1. If you take the residues in segment 364-398 that are among the acidic types (Asp, Glu) and modelled with pLDDT under 95, which one is surrounded by the fewest Cβ atoms within 10 Å (Cβ to Cβ)?
2. Among the candidates Asp53, Asp94, Asp37, Asp78, which residue alone is among the acidic types (Asp, Glu) and within 15 Å of the chain's Cα centre (by Cα)?
3. Tell me which of these Ile323 doesn't satisfy, since it passes every other one: (1) in a helix (DSSP H, G or I); (2) open to solvent by 10 Å² or more (accessible area, probe 1.4 Å); (3) not polar (S, T, N, Q).
4. Of the numbered conditions (1) touching a Ser or Thr at 6+ places or on another chain (Cβ under 8 Å); (2) part of a loop (DSSP other than H, G, I, E, B); (3) over 20 Å from Cys171 (Cβ atoms), Glu79 satisfies every one except a single condition; which is it?
5. Looking for whichever is over 21 Å from Lys378 (Cα atoms) and either among the hydroxyl-bearing types (Ser, Thr, Tyr) or crowded, with 20+ Cβ neighbours inside 10 Å (or both) here; the options are Thr345, Thr316. Which one fits?
6. Restricting to segment 348-363, name every residue that is over 16 Å from Glu41 (Cβ atoms), open to solvent by 10 Å² or more (accessible area, probe 1.4 Å) and not in a strand (DSSP E or B).
7. Do we find that Phe66 is more than 23 Å from Val344 (Cβ to Cβ) and part of a helix (DSSP H, G or I) in this structure?
8. Which one is nearest to Pro54 (Cα to Cα), of the residues in segment 400-431 that are part of a loop (DSSP other than H, G, I, E, B) and among the basic types (Lys, Arg)?
Amino acid sequence: MNEIRNVLLVSVDCLREDVFKAGLEEGLFPNCAALYDGALEFTETYTVANTTDPSLTAFMTAKYPFEHGVVENGWGLDETHDTAGENFQAAGMDTFGVVSVDHLAADHSKLDRGFDRYEDGQAYGKLYPILSRIYDTKTFNTVFGAVKNLGIGRYTVKNLLRDLGLISLHCRSARSVTDDAIACLDDVAPKFAANGDGADANGEDASGTDDEESGFFGWVHYFDVHEPRNAPRNLLEDHDEYTAAMMRVDDHVGELQDELEARGIADETLVVFTGDHGEALGEHGYEGHGRTLYDEELNVPLAFDHDALPDEQIDTQVRTIDILPTLLSLVDADPLDAAGEPIVTAPDDDPAEESRQLFTMAYPTFGDAVATRTPDWKLIRDREDDVEELYDLESDPDERDDLVDEHGQRREALAGDLDSWLATFGEIERQEVDEDTEEMLADLGYME
């Protein structure tokens, strides 16, 4: 059994558990399937926020958005909160991060703290930032939203823009993200020399970093599945945009796996695969994310791939804020003082058996909604309209039958839990974002 020396966290924007698992079973995502083969998998993993920055900042701090303060995209993390990069650095590990959209860039998100190298695309050529700003204007967004599906069959405005290469400008493509991730791996774990003896051109050990004890933590985030979806045109004849975009990301997950093999570090690297939040695809009359707190926007994949961990599928309910504490525990780093808790404390320990109650929030721009979820019940509260919904998840997993008027005692108990959770946080101070960022967020559907 190999020791966990390195950690590579791969997150995919808008990746919901059920659609992803269906694609795995259909053989559409072979590289992810290879990662899942032998992995420790948590099928009941739920995000604490249904939009990117609040969710990923929770990933990087193990704290709820109402605590870390980033409740909207484009806001930055206050320096009083430690980041994942800082925690892994404190454990003596090299660190890198590669992100794929402007509002995760260092100057917006402040998530670069603690990363030796943080690639956010701000220096990615000259054409990308110029054209992406055209795409990100409110005017373009309004017009595009109105005309994107006009046409017949596959001959639509959106597909024309895709053929012209303009769709990809809503984010950095998987290609550029993977290229930067490979460059980061070159820094922390150079490839073996062609002679195969583990030495580089200077005859020195190339099987890892200069410090044999250091190891690395790397985070790579792909955005291609996010609307308007970087879906390869040739796949759209047989697959919907969402699946086709994920097929593209799957190719790049395979590249990362190949790179670990090429460096001789695959056996000592824990690969973690997950999503930041889900995506509504027409359920409950809505497509996208940020507006509702039904499971299609909350349930995300989570797998830990390393032979030191058991090959099991676990149905215990866990939260995305539990990922960072788990990773720190698995490399024997100092524990966190945060809301998240390890779901595996050491490679030879059993995974957590007791479900964690979820508390989660919707995107404030779209409405002030919060929810709490147990394995069996969910209570959703619209704080603006002062109304609640209650669902029996065991008998009604699709959340169609609102029982709030029929189960008063259950509603009262969950409402008390929600009140107690909300009472632990102070008031969030609103952050101002610049006009360019507002336009970018409007294009991505985050501003009305």
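The values are calculated or read from the model by the stated rules, or taken from the named source; none is laboratory data. Given the structure is predicted, the values throughout are model-derived calculations rather than measurements. FYI the Cβ positions are ideal-geometry reconstructions off the backbone, even for glycines, and counts take in every protein chain you see. Ligands, DNA and RNA are excluded from the accessible area calculation, which covers all protein heavy atoms including side chains. Shrake-Rupley method; radii C 1.70, N 1.55, O 1.52, S 1.80 Å.
1. Per the criteria, the residue is Asp386.
2. When all the criteria are applied, what remains is Asp53.
3. All conditions pass for Ile323, except number (2).
4. Only one criterion is unmet by Glu79, namely (1).
5. On the way: Thr316 fails: over 21 Å from Lys378 (Cα atoms).
That would be Thr345, the only listed residue that is over 21 Å from Lys378 (Cα atoms) and either among the hydroxyl-bearing types (Ser, Thr, Tyr) or crowded, with 20+ Cβ neighbours inside 10 Å (or both).
6. Scanning segment 348-363 gives Asp348, Asp349, Glu354, Arg356, Gln357.
7. It is true that Phe66 is more than 23 Å from Val344 (Cβ to Cβ) and part of a helix (DSSP H, G or I).
8. Checked segment 400-431; the qualifying residue nearest to Pro54 (Cα to Cα) is Arg430.
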